[in-house]
Amino acid sequence: MKTDMADSRLAYWTCDERSRGFLVAEITPDVGMSPIIVGCVAFKKKTDTEIELNRMSVDYNFRGCGIAKVLLEKVNDLAAKLGCTSIYLVTTAPQQAAQNLYIRCGFALCSKLYLHVTPLHCIHGIKYVEMRKSLQVNLQKIPDAGDR
């Protein structure tokens, strides 16, 4: 996270609109007030057919309002536009509320818990969970000359 926060222009996430993105959710508390950011999510194209979800976060005071679900729906739409058929993510095992949200939004566990191999994470013994969601591919019949 330290290196992410040092990237104030979000260059890593926004340098290639076709394969990476950073979305924010804003609300305007009252008429005439400036909007405030209440959630965010980053994504990147991991393979030709898969998007990887990163850095999903919703302000604690706005959890339970459907903000994360809307952000995930936007990523679903973008993934489909990029020709992807699945979305992949990794979250920490203790974040059960996040896992439950992902499951409600169509994700499934795709691996057992594992210890991350970087020294920082091993010191703390953080366990991770991999999850994946298959996207519905909307195959519409393209009319040929005889159908028109």
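Quick one: in region 68-85, which of the residues that are β-branched (Val, Ile, Thr) and surrounded by fewer than 18 Cβ atoms within 10 Å (Cβ to Cβ) is nearest to LEU101 (Cα to Cα)? So that I can check it myself, show each step before the final result.
Here is the first cut: in region 68-85, the ones β-branched (Val, Ile, Thr) are 70, 75, 85.
Still in the running and surrounded by fewer than 18 Cβ atoms within 10 Å (Cβ to Cβ): 70, 85.
Values: VAL70: 12, THR85: 20 Å.
The selected residue is VAL70.
Would you mind stating whether HIS121 is touching a Cys at 6+ places or on another chain (Cβ under 9 Å), modelled with pLDDT under 90 and more than 21 Å from ALA25 (Cα to Cα)? Spell out the reasoning first.
Numbers: touching a Cys at 6+ places or on another chain (Cβ under 9 Å): no; modelled with pLDDT under 90: yes; more than 21 Å from ALA25 (Cα to Cα): yes.
Against the criterion (touching a Cys at 6+ places or on another chain (Cβ under 9 Å), modelled with pLDDT under 90 and more than 21 Å from ALA25 (Cα to Cα)), HIS121 does not qualify.
Tell me yes or no: at least one residue of region 136-147 is modelled with pLDDT under 90, out of contact with any Leu (no Cβ under 6 Å at 6 or more places or on another chain), closer than 26 Å to VAL24 by Cα and in a strand (DSSP E or B). Please lay out each step first, then the result.
Taking region 136-147 as the starting set, the residues that turn out to be modelled with pLDDT under 90 are 136-147.
Now drop any that are not out of contact with any Leu (no Cβ under 6 Å at 6 or more places or on another chain), which leaves 136-147.
Imposing the further condition that a residue be closer than 26 Å to VAL24 by Cα reduces the set to 136-137.
Okay, now just the ones that are also in a strand (DSSP E or B), so none.
Within region 136-147, not a single residue is modelled with pLDDT under 90, out of contact with any Leu (no Cβ under 6 Å at 6 or more places or on another chain), closer than 26 Å to VAL24 by Cα and in a strand (DSSP E or B).
Could you list all residues from region 96-110 that are in a helix (DSSP H, G or I) and surrounded by fewer than 13 Cβ atoms within 10 Å (Cβ to Cβ)? Break it down stepwise before answering.
Kept after step one, since they are in a helix (DSSP H, G or I), are these residues of region 96-110: 96-104.
Scanning region 96-110 gives GLN96, ALA97, ASN100, ARG104.
Please determine, by comparing only the residues of region 26-48 that are in contact with a Pro (Cβ under 7 Å, 6 or more places away or on another chain) and assigned to a strand (DSSP E or B), which one is surrounded by the most Cβ atoms within 10 Å (Cβ to Cβ). If you could, list the steps in order and put the result at the bottom.
Initially, region 26-48 is screened for residues in contact with a Pro (Cβ under 7 Å, 6 or more places away or on another chain), giving 26-28, 36.
Among the residues that remain, those that are also assigned to a strand (DSSP E or B) are: 26-27, 36.
Numbers: GLU26: 12, ILE27: 14, ILE36: 12.
The extreme case among them is ILE27.
Just to be sure I understand, how many residues within region 48-67 are more than 17 Å from ASN100 (Cβ to Cβ) and in contact with a Phe, Trp or Tyr (Cβ under 9 Å, 6 or more places away or on another chain)?
Residues in region 48-67 being more than 17 Å from ASN100 (Cβ to Cβ) and in contact with a Phe, Trp or Tyr (Cβ under 9 Å, 6 or more places away or on another chain): 5 in total.
Return the residues of region 57-89 that are among the hydrophobic types (A, V, I, L, M, F, W, C), assigned to a loop (DSSP other than H, G, I, E, B) and within 18 Å of ARG132 (Cβ to Cβ); say none if nothing qualifies.
First pass over region 57-89, keeping only residues among the hydrophobic types (A, V, I, L, M, F, W, C): 58, 62, 65, 67-68, 70-72, 75, 78-80, 82, 84, 87, 89.
So of that shortlist, the ones also assigned to a loop (DSSP other than H, G, I, E, B) come out as 65, 82, 84.
Selection gives LEU82, CYS84.
What are the residue pairs meeting all of these: first residue in region 63-87, first residue in contact (Cβ under 8 Å) with a residue 40 or more places away in the chain, second residue in a strand (DSSP E or B) and aromatic (Phe, Trp, Tyr), Cβ atoms under 6 Å, and 6 or more apart or on different chains?
VAL75/PHE43
The values are calculated or read from the model by the stated rules, or taken from the named source; none is laboratory data. Bear in mind that the values here come from a model prediction, so they are computed numbers and not experimental data. With ideal geometry, Cβ positions are generated from the backbone for all residues, glycine too; neighbour counts draw on all protein chains shown.
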